[in-house]
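**Student:** Let me give you the structure first, and then I'll get to my questions.
Derivation of every value follows stated rules applied to the coordinates shown; laboratory data play no part. Computed from a predicted structure; not experimentally measured. Ideal geometry is used to build each Cβ from the backbone, glycine not excepted, and the neighbour counts take in all protein chains shown.
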Amino acid sequence: MEQPITLHWQSKEAYSTAFLTPDLFGGWVLITAGGKRDGRPGRVRHQPLPTYASGVDKLNALRGKRRGEGYVLCATGFLELDDLDPRSSANREAETSAVMRAFRNLAISREQQSMLLDVDVSAINAYLDGRTLPDDAPLLERVHLIMAIHKALHLLFAGAPRQAREWMRAPNPRFDSAQPLDLMLSSLDGLKIVRAYLEGEVDTLFERPPAVNLPVDRACAGGAGS
């Protein structure tokens, strides 16, 4: 089951918080914040994610990092974090729905969908009829790239599908005047190039997050490590 996750850590001198939460566009975002316990402000960072499963992976990696830095996990909003399976049927269904929504929002034809996923048009029709994506690594790599591109376009164009569609079909000097959609259709490397470019633009958009003061949870003191 996909649901928001909140983790809080504290050390002798600092605190750290991570939120895995839905965004306004049907995707997920990892929000992290940290600061000093003497009241010095922390920083907030937003990281758009291609899938819920990738967010869970990042949270688990962050748990190990914080543990190594001497932090104590003092609160969690989802105790079953260790039991989440990124390869579950529920996650696969969510990925199928998300990539079909991306194609719809970006006005990608079925023939283009089949090229982007490197499958027959009959497979696209099956996904539209409710079949879920198979556990196939090359296919899922393409799916995750497309979802990341869709997510980045939502962030850059404030959820305006028309502008995102126009950007996909306009010659772009960053791609030697090729249209981004044509580059994506050309190869797996083309998908990776477009994703990398868009995520760089998103990073620039959020590179100066506002400083905030977060309260220290006194109840966390002395909690057990994660």
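**Student:** Any chance you could run the full-extension gain for Asn125 through Met100? It's 0.36 nm times the residue separation minus the Cα-Cα distance, nm to one decimal.
**Tutor:** Gain in length upon complete extension: 7.9 nm.
**Student:** Take His46 and Asp118, extend 7 Å from each Cα along the Cα→Cβ direction, and tell me the distance between the two endpoints in nm.
**Tutor:** Once both label points are built, they end up 3.3 nm from each other.
**Student:** Can you give me the distance in nm between label points at Leu139 and Glu69, each placed 7 Å from the Cα along the Cα-to-Cβ direction?
**Tutor:** Placing both labels 7 Å along Cα→Cβ, they lie 3.9 nm apart.
**Student:** For Asp23, list long-range residues whose amide hydrogen, built 1.01 Å from N in the peptide plane, is under 5 Å from its own amide hydrogen.
**Tutor:** Counting only residues 5 or more places away or on other chains, the set is Trp28, Val29.
**Student:** Residue by residue through the range 176-191, which ³J(HN,Hα) values in whole Hz follow from phi under the Karplus form 6.51 cos²θ - 1.76 cosθ + 1.60 (θ = phi - 60°), with glycine and proline marked x?
**Tutor:** Karplus-based 3J(HN,Hα) across the range 176-191 equals 6, 6, 6, 6, x, 5, 4, 5, 5, 6, 6, 5, 4, 4, x, 4 Hz.
**Student:** Quick one: length gained pulling Ser11 to Ile31 fully straight, 0.36 nm per residue minus the C-alpha distance?
**Tutor:** Here the answer is 5.3 nm.
**Student:** Related question: Tell me which residues come under 5 Å, amide H to amide H, from Val72 once H is placed; ignore anything under 5 positions away on its chain.
**Tutor:** Gln10, Ser11
**Student:** With θ set to phi - 60° and the Karplus curve 6.51 cos²θ - 1.76 cosθ + 1.60, what are the ³J(HN,Hα) couplings of the range 61-73 in order, to the nearest whole Hz, using x for Gly and Pro?
**Tutor:** Calculated HN-Hα couplings, in order: 5, 5, 4, x, 5, 5, 4, x, 8, x, 7, 10, 6 Hz.
**Student:** Which FRET efficiency, nearest 0.05, do Leu185 and Gln3 yield, Cβ-Cβ r, R0 35 Å?
**Tutor:** It comes out at approximately 0.50.
**Student:** Given H placed 1.01 Å from N in the peptide plane, which residues other than close sequence neighbours of Asn172 have an amide H under 5 Å from its amide H?
**Tutor:** Ser177, Ala178, Gln179
**Student:** Once you put a point 7 Å from the Cα of Arg162 and another 7 Å from the Cα of Asp203, both along the Cβ direction, what distance in nm separates them?
**Tutor:** Computed distance between label sites Arg162 and Asp203 equals 3.3 nm.
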